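Structure record follows, encoded as structure tokens.
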Amino acid sequence: MLQFPFFTNKVLKVVEENYRVKTIEIDHDLKNARPGQFIMVWIPGVGERPMSIGNSDPLTISVANVGTVSGKIISLKEGENISYRGPFGKEFTIPKGTKRILVIGGGYGVVPMFFLARETREKGIESIAVVGGRTEKDIIYGKRLGRVCKEVLLTTDDGSAGKKGNVMVEVTPLIESGKIDAVYCVGPERMMYAIATACKNQNVPCQVSVERYMKCGVGICGSCAIDGKLACIDGPVMSAKDALALSEFGKKHRDACGISKDY
Ligand SMILES: Cc1cc2nc3c(=O)[nH]c(=O)nc-3n(C[C@H](O)[C@H](O)[C@H](O)COP(=O)(O)OP(=O)(O)OC[C@H]3O[C@@H](n4cnc5c(N)ncnc54)[C@H](O)[C@@H]3O)c2cc1C
């Protein structure tokens, strides 16, 4: 019989990151959690959703209030119970001999980047972070990343924080500099597509996170299937090469009913 780790623990702390994202620290050291993995957070009677792990101790998630389940998760208060299963999915891997990595986050994509940069720093690997958002108020985790990265570069569409433009204005020169050993990115798929393509052209190893609507999170229901792969167990972390080979990656997005549409 398949068995999945299931936990109910107290919310330790809730931090308001911006107008729609809250970070929730949970009274749990999820020792086997790795950067890039996710947990399935369950709100009884409402639903369950995958959330990236932002740190293992205390177990941390950051949730954008976009709909039914996320709206309930961010309304949890300190001291209340939160239930979840995990950790699930593939983690980021670091090529042997890596000295400097580039971590790139768009929206809540910065969440696993903090966990990754924190862990790699403990191994003596230097991180440079690029964080992108539509406007200054969409940027989260800037200060948090500053604690674990050598440098944090911001970009906004309107220039209200950091350089004006999308993340590529900072990312392209860094990838082309020859000083980056590996690139990791999580965020909107068209952003990851642009980064994966730039890395492929420069022969720089790159990993992305392929997120699809997930129901079970453990490879049973098939709702996150793409071209014979399951985003929950063959991903979410994939090499740029594997992601670029997917027919949908960067080209189509899915709604909650699994209907695939062009961007
Ligand atoms: C591996 C993984 C990691 C994730 N990590 C985070 C995280 O760290 N923080 C975070 O806030 N969210 C994260 N998400 C997204 C999260 O799981 C939910 O999809 C999101 O919170 C919306 O759920 P909801 O019930 O609030 O919205 P719903 O009420 O279900 O939907 C609101 C709207 O968004 C659309 N929608 C919702 N989810 C998806 C989806 N996955 N694909 C396509 N359309 C969708 C619906 O069609 C609807 O229009 C992650 C998703 C995956 C797959």
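Any read-out appearing in this document is the output of simple, stated calculations on the displayed coordinates, not a laboratory observation. Keep in mind the model is a prediction, meaning the values are calculated, not measured. Neighbour counts run over all protein chains shown; Cβ positions are idealised from the backbone, glycine included.
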Discussion item. Using +1 at the C-beta of Lys and Arg and -1 at the C-beta of Asp and Glu, which of Met214, Met51, Leu154 has the Cα lying farthest in the positive direction of the dipole of the chain?
Written reply: Leu154
Worksheet item: Rounded to a whole number, what is D in µm²/s for the range 105-263 from Stokes-Einstein with the Kirkwood radius over alpha-carbon pairs (4 °C, 1.567 mPa s)?
Response: 80 µm²/s
Discussion item. Once each part is reduced to its C-alpha centroid, what is the distance from the range 101-174 to the range 1-49 in angstrom?
Written reply: 23 Å
Worksheet item: If you take the charge dipole of the chain about its Cα centre, with +1 on Lys and Arg Cβ and -1 on Asp and Glu Cβ, which of Asn166, Thr8, Ile259 is farthest toward its positive end?
Response: Asn166
Discussion item. Within the chain, which whole H helices from DSSP have a Cα span along their axis of at least 24 Å and a mean Kyte-Doolittle hydropathy of 0.5 or more, if any?
Written reply: none
Worksheet item: Straight-line reach from Lys252: which lysines have a Cα under 25 Å away, not including same-chain ones fewer than 8 places off?
Response: Lys90, Lys200, Lys215, Lys229, Lys241, Lys261
Worksheet entry | Those lysines that a straight Cα-Cα span of less than 26 Å connects to Lys13, excepting residues fewer than 8 apart in one chain | Lys22, Lys31, Lys72, Lys77, Lys137, Lys143
Discussion item. If amide hydrogens are placed 1.01 Å from N in the peptide plane, which non-local residues have theirs closer than 5 Å to the one on Ser160?
Written reply: Glu136
Practice prompt. Once you have a ≥ b ≥ c as the square roots of the Cα gyration tensor eigenvalues for the range 6-88, tell me rounded if a/c is under 1.5, and otherwise prolate or oblate according to whether a/b is larger than b/c.
Written response: rounded
Worksheet item: How far apart, in nm, are two points set 7 Å out from the Cα along the Cα-to-Cβ line at Phe4 and at Tyr213?
Response: 1.8 nm
Worksheet item: For the range 96-149, with the dipole built from +1 on Lys and Arg beta-carbon atoms and -1 on Asp and Glu ones, taken about the Cα centre, which of Val111, Ile139, Gly124 lies farthest toward the positive end?
Response: Gly124
Worksheet, complete the sentence: Length gained, Asn81-Lys200, 0.36 nm per residue minus C-alpha separation, equals 38.4 nm
Discussion item. Which lysines, if any, have their Cα less than 18 Å from the Cα of Lys96, not counting same-chain residues under 8 positions apart?
Written reply: Lys123, Lys179
Practice prompt. Determine the gain in length on full extension of the stretch Asp262-Arg100; use 0.36 nm per residue of separation and subtract their C-alpha separation, reporting nm with one decimal.
Written response: 54.8 nm
Worksheet item: If packing is taken as the mean number of other Cβ atoms within 10 Å per residue, what is the order of 15-25, 110-120, 201-211, highest first?
Response: 110-120, 201-211, 15-25
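Let me have the 222 nm mean residue ellipticity of the chain computed from DSSP H runs of 4+ only, each contributing -39500 (n - 2.57), with the sum over all residues rounded to the nearest 500.
Numbers: 6 runs with 52 residues, N = 263.
Mean residue ellipticity at 222 nm (helix-derived): -5500 deg cm²/dmol.
Only loop residues by DSSP count here, and only those with at most 16 other Cβ atoms within 10 Å; note down the trypsin sites (Lys or Arg not before Pro) in the range 46-107 that meet that. Don't skip to the end; give the middle numbers.
On the way: sites: Lys72, Lys77, Arg85, Lys90, Lys96, Lys99, Arg100; in loops: Lys77, Lys96, Lys99.
Those satisfying the criteria are Lys77, Lys96, Lys99.
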Discussion item. Only four residue types carry charge here, +1 at the Cβ of Lys and Arg and -1 at the Cβ of Asp and Glu. Report the dipole size of the range 9-112 about the Cα centre in Debye, rounded to the nearest 20.
Written reply: 420 debye
Discussion item. Let me make sure I get this right: for the range 1-142, a, b and c are the square roots of the gyration tensor eigenvalues over alpha carbons, sorted descending. Under 1.5 in a/c it's rounded, otherwise prolate if a/b > b/c, else oblate. Which is it?
Written reply: oblate
Worksheet entry | Ranked list, fewest to most other Cβ atoms within 10 Å of each Cβ, for Ile53, Ile226 | Ile226, Ile53
Worksheet item: Peptides 242-253, 181-192, 160-171: what's the order by average Cβ count within 10 Å, highest mean first?
Response: 181-192, 160-171, 242-253
Fill in: Charge dipole magnitude, Cβ of K and R +1, D and E -1 - the chain, Cα centre, debye nearest 20
180 debye
